[in-house]
Number of protein chains: 2
Amino acid sequence: MGVRKRELPGGSPLVNLGTLDEAIGFHLRVAQDASFRAFARRAGQHDLKPGHFAALLVIANNPGIGQGALGRAIARDKSSVTPIIQSLSRRELIDRLTSAADRRRIQLSITKAGRALLRRLAPHVRNHDRNLDTIVGADKARFLGLLKRIADEIS
Amino acid sequence: MGVRKRELPGGSPLVNLGTLDEAIGFHLRVAQDASFRAFARRAGQHDLKPGHFAALLVIANNPGIGQGALGRAIARDKSSVTPIIQSLSRRELIDRLTSAADRRRIQLSITKAGRALLRRLAPHVRNHDRNLDTIVGADKARFLGLLKRIADEIS
DNA sequence: TATTGTTATACTCTATAACTATA
DNA sequence: TATAGTTATAGAGTATAACAATA
C-alpha cells in the first residue's frame, strides 16, 4: 500500500510551476479569473455582467458623463463602450441625452430602473466584495494600492 | 483664467468611481489587463502569447505531463488546452508522445527549439517580472499569497 | 483639423457538448 | 462505465480603422 510513482494526477499539487509560481502576472490572471467567475455567477441571475455592472456604477456616480470618459474610467476603448451603452440603454437602465452645449457628446445618466437594478444587485455585490475583503483582510488598502500602481506604472 | 466647470475630461481624474474604487475585483481586472498587455508587447516579438508561454513553461518543468494536468495547472479547460498544444506542437516547441502504459494519454515535453525560445524570451520575461516586482516591492510574498488565496477560496 | 461616438470587421480566448479511443 | 484528448460550435470581450456629425 505504499505511495506509488503517480503520474501528475487530480488536484495537481504535484505540478511544478517553476518560475511561474513566482510570477505576479500569472497569479494576477488566475485570481482575476476566479473573481470574475464568482461575480458573474452571483450577478448573472440579474443579467448583468461584470463589465456592464462597472459601467452602470460609473454612470450612476457621474451623471452626464460621456462615453470617452467612461471608457477611460473602466479602461476600455470607446468602441468597446458603445455596445455596453447600447445594451444598458435597450434595457432602459440608462438615459442618453445629447448635450446642448456640444452636440457631439452624449450625456449618460442612470434611470430609476437602473437604480432599482443596482439595489437588487447590492446584496450580491456586497457578498462578493465581502468575500474578497475577508480574504485580503487588514492589508486591503495596501493590496489595492499595489493593484492600482501596477495598472498605472507598467506602461 | 479661473478653473471652469470642466466636463470630465482627459486623464479622467474627475471621474468618481464610487464603490468601484474600493472593489478588489475591479482593480484586479484593470491590473491584470495592464500586465497582460505589457507582457504581450514584449513577448509578442517572439510570437508567444502569455497563455502559450505559461503552458510551455509548465511543460518544461513537468516533462511527461498530460493535457488534463496542464489545464488544471494553468486553470483552463482541457478543450482550451488543445489549441495551445496544437500551436506549440506545430511550431515544434513541444513533443507529444503517446504513453505506452495508457494509450489515451499524451505525454508532453519541451523540445530543443522550445528551450531555445524560452532562452531568447528570458530577458524580456525577466524585465517584465522585474517591473512588477519593483512595483510590489518587499510585500511580494504577501501579495502573491493573497492572489493565490483569492484564486483558491472564492469558490 | 480635431473630437465624439458608431459601425464594420476581425481576432483572441474560452467553454459546453458531443465525439473517438482507450481503459 | 470512466477517462484523455479532440472537434464543432458558439459566445463574450475586445480593438483597429474608417466613418458621420459636430466643433
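Every read-out reported here was derived from the displayed coordinates using simple, explicitly stated rules and does not represent laboratory data. The model shown is predicted, which means the values in this text are computed figures rather than measured ones. Because the Cβ atoms are built from the backbone with ideal geometry, glycine has one as well, and the counts that use them run over all protein chains shown.
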Using unit Cβ charges (K, R positive; D, E negative) and no other charged atoms, how large, in debye to the nearest 20, is the dipole of region A:23-154 about its Cα centre? 320 debye
Once you have a ≥ b ≥ c as the square roots of the Cα gyration tensor eigenvalues for region A:101-155, tell me rounded if a/c is under 1.5, and otherwise prolate or oblate according to whether a/b is larger than b/c. oblate
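Rounding to the nearest 20 debye, state how big the charge dipole of the protein assembly as shown is about its Cα centre with +1 on each Lys and Arg Cβ and -1 on each Asp and Glu Cβ.
520 debye
Under Stokes-Einstein, with the Kirkwood radius over Cα pairs standing in for Rh, what whole-number D in µm²/s applies to the protein assembly as shown at 25 °C and 0.890 mPa s?
It diffuses with D of about 113 µm²/s by this estimate.
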Sum of -39500 (n - 2.57) over DSSP H runs of 4+, divided by residues of the protein assembly as shown (222 nm, nearest 500): -19500 deg cm²/dmol
Work out the FRET efficiency for A:R126 and B:D47 from their Cβ-Cβ distance, taking R0 = 41 Å, and round it to the nearest 0.05. 0.40
Quick check: pseudo-label points 7 Å beyond the Cα along Cα→Cβ at A:T134 and B:T19, how many nm apart are they? 1.7 nm
Just name one of A:G25, A:V81, A:G145: the one whose Cα is farthest towards the positive end of the charge dipole of chain A (beta-carbon charges, Lys/Arg +1, Asp/Glu -1). A:V81
Given B:A116, B:A69, B:A34, which one lies farthest toward the positive end of the charge dipole of region B:23-154, if we put +1 on the Cβ of every Lys and Arg and -1 on the Cβ of every Asp and Glu? B:A116
Taking chain A, how many lysine pairs are there with alpha carbons less than 24 Å apart, if each pair must be eight or more places apart or span two chains? 5
Name the residues whose placed amide hydrogens come within less than 5 Å of the amide hydrogen of B:R105, ignoring near sequence neighbours (fewer than 5 apart) on the same chain. B:S99
Non-local amide H neighbours of A:D95 (under 5 Å, H modeled in plane, Pro and chain starts lacking H): which ones? A:S109, A:I110, A:T111
Looking only at A:L17, A:L56, A:L48, which one moves most when chain A is put into a Gaussian network model with springs between Cα atoms under 10 Å? A:L17
Just to compare against my own numbers: the Cα pair-distance distribution for region A:23-154, 10 Å bins, whole % per bin, please. 11, 36, 35, 16, 2, 0
Between region A:23-88 and region B:72-110, what is the C-alpha centre distance in whole Å? 34 Å
Quick query: amide H of B:I65 versus all other amide H atoms, modeled in the peptide plane; which residues come in under 5 Å with a sequence gap of 5 or more or a different chain? B:L108
In nm, give the distance between the simple-model label positions of A:K148 and A:E92, each being 7 Å from the Cα along the Cα-to-Cβ direction. 3.8 nm
For a quick check, take a GNM of chain A with Cα springs below 10 Å and name the residue from A:H124, A:H52, A:H27 with the largest mean-square fluctuation. A:H27
